[in-house]
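Q: Next up is a structure, given as structure tokens.
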Amino acid sequence: MSLILPPDFGQTPKQKLVLPEGFKSLLVQVCCAPCCGAVLECFKYHNINPTIFFYNPNIHPRAEYEKRRDELIELAKLLGFDYVIPEYETRSWFEAVKGLEHEPERGKRCTVCFTRRLTVTAQYAKEHGFSHFTTTLATSRWKDKKQVDAAGFAAQEATGVPYWSEDWRKGGLVTRRYQLVKEFNFYNQLYCGCVYSQQNNTHVAHVTDTAIACNGC
């Protein structure tokens, strides 16, 4: 089913947004449509035209990755935003988190995962002239913003590209996020994408529709 723009799209509750110093262009790392819908609406309202960067080698299996990727591409096209889809290469990700398979959600595995994904994002931003990068990873209630930000600043340190650490949950964006998930009828995800998260969090099978899972992408 094709995505249709909801009649009220554009009515972001976050009508005040302070741009970071020196802001010119933005690369935003996203993991799925549910996590970024309200953020992209906010960008649209403030006349910010980001390039969407779908770098998520953690998502497993390939069918799950492709389902999330394809829905995100459809959303990007609908909103008129450019997007970049790097090669789906999982081997290096599995090597990076080796030994951390049984870490809990928000544990050391997530730190390694976030830092790797955001460093690749920042490196792409550097190579292609973006002034800043950010991520929608922390829009999920299952993720720790401090942990995501630590990964973002580590990526900034490694590349020299400023990380925009705006809290994309505040200003009413959490409520708006769930509204848009329903209005767009986004694919309802039950785990972050990581196979270890799926295995270690068997309770996700019981998440209700009212929770709008997208368990921490």
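Q: Whether any residue in the stretch 103-114 is open to solvent by less than 60 Å² (accessible area, probe 1.4 Å), in contact with a Lys or Arg (Cβ under 7 Å, 6 or more places away or on another chain) and not aromatic (Phe, Trp, Tyr) is what I want to check.
A: Yes, the stretch 103-114 has at least one match.
Q: Here's another thing I want to ask about it. All but one of (1) surrounded by fewer than 20 Cβ atoms within 10 Å (Cβ to Cβ); (2) not in a helix (DSSP H, G or I) hold for Phe130; state the number of the condition that does not hold.
A: If we test Phe130 against (1) surrounded by fewer than 20 Cβ atoms within 10 Å (Cβ to Cβ); (2) not in a helix (DSSP H, G or I), just (1) comes out false.
Q: When you look at Val97, is it in contact (Cβ under 8 Å) with a residue 12 or more places away in the chain, farther than 27 Å from Phe23 by Cα and open to solvent by less than 60 Å² (accessible area, probe 1.4 Å), yes or no?
A: When the stated conditions are applied, Val97 passes them.
Q: Right, something else. For the subset of the stretch 44-74 comprising residues that are of a type in the set (A, V, I, L, M, F, W, C) and in contact with a strand residue (DSSP E or B) (Cβ under 8 Å, 6 or more places away or on another chain), which member is most open to solvent (accessible area, probe 1.4 Å)?
A: Among residues in the stretch 44-74 that are of a type in the set (A, V, I, L, M, F, W, C) and in contact with a strand residue (DSSP E or B) (Cβ under 8 Å, 6 or more places away or on another chain), the one most open to solvent (accessible area, probe 1.4 Å) is Ile73.
Q: Residues Leu17, Leu75: which one is outside any helix (DSSP H, G or I) and either among the charged types (D, E, K, R) or at pLDDT 95 or above (or both)?
A: Of the residues listed, the single one that is outside any helix (DSSP H, G or I) and either among the charged types (D, E, K, R) or at pLDDT 95 or above (or both) is Leu17.
Q: Filter the stretch 101-126 down to the residues that are in a loop (DSSP other than H, G, I, E, B) and either among the β-branched types (Val, Ile, Thr) or touching a residue at least 40 places away in the same chain (Cβ under 8 Å) (or both) and list them by number.
A: Glu101, His102, Glu103, Pro104, Glu105, Arg106
Q: Identify the single condition in (1) polar (S, T, N, Q); (2) under 17 Å from Cys32 (Cα atoms); (3) assigned to a loop (DSSP other than H, G, I, E, B) that Ser165 does not satisfy, given that it satisfies every other one.
A: Looking at each condition in turn, Ser165 falls short on (2).
Q: Here's something else I'd like to know. Out of (1) touching a strand residue (DSSP E or B) at 6+ places or on another chain (Cβ under 9 Å); (2) more than 25 Å from Cys42 (Cα to Cα), what's the single condition that is false for Glu89?
A: (1)
Q: Scanning for something of a type in the set (D, E, K, R), surrounded by fewer than 16 Cβ atoms within 10 Å (Cβ to Cβ) and outside any loop (DSSP other than H, G, I, E, B), does the stretch 6-14 turn up at least one residue?
A: No.
Q: Specify which of the listed residues (Val148, Val181) is under 16 Å from the mean Cα position of the chain (by Cα) and over 22 Å from Val18 (Cα atoms).
A: On inspection, the qualifying residue turns out to be Val181.
Q: Within the stretch 151-176, how many residues are under 23 Å from Gly129 (Cα atoms) and not hydroxyl-bearing (Ser, Thr, Tyr)?
A: Of the residues in that region, 13 qualify.
The values are calculated or read from the model by the stated rules, or taken from the named source; none is laboratory data. Note that the structure is a prediction, hence the values are computed from the model and not measured. So basically every Cβ, Gly included, is an ideal-geometry build from the backbone, and we count neighbours across all protein chains shown. Each accessible area value is taken on the protein alone, full model and side chains, heavy atoms only, with ligands, DNA and RNA left out. Shrake-Rupley method; radii C 1.70, N 1.55, O 1.52, S 1.80 Å.
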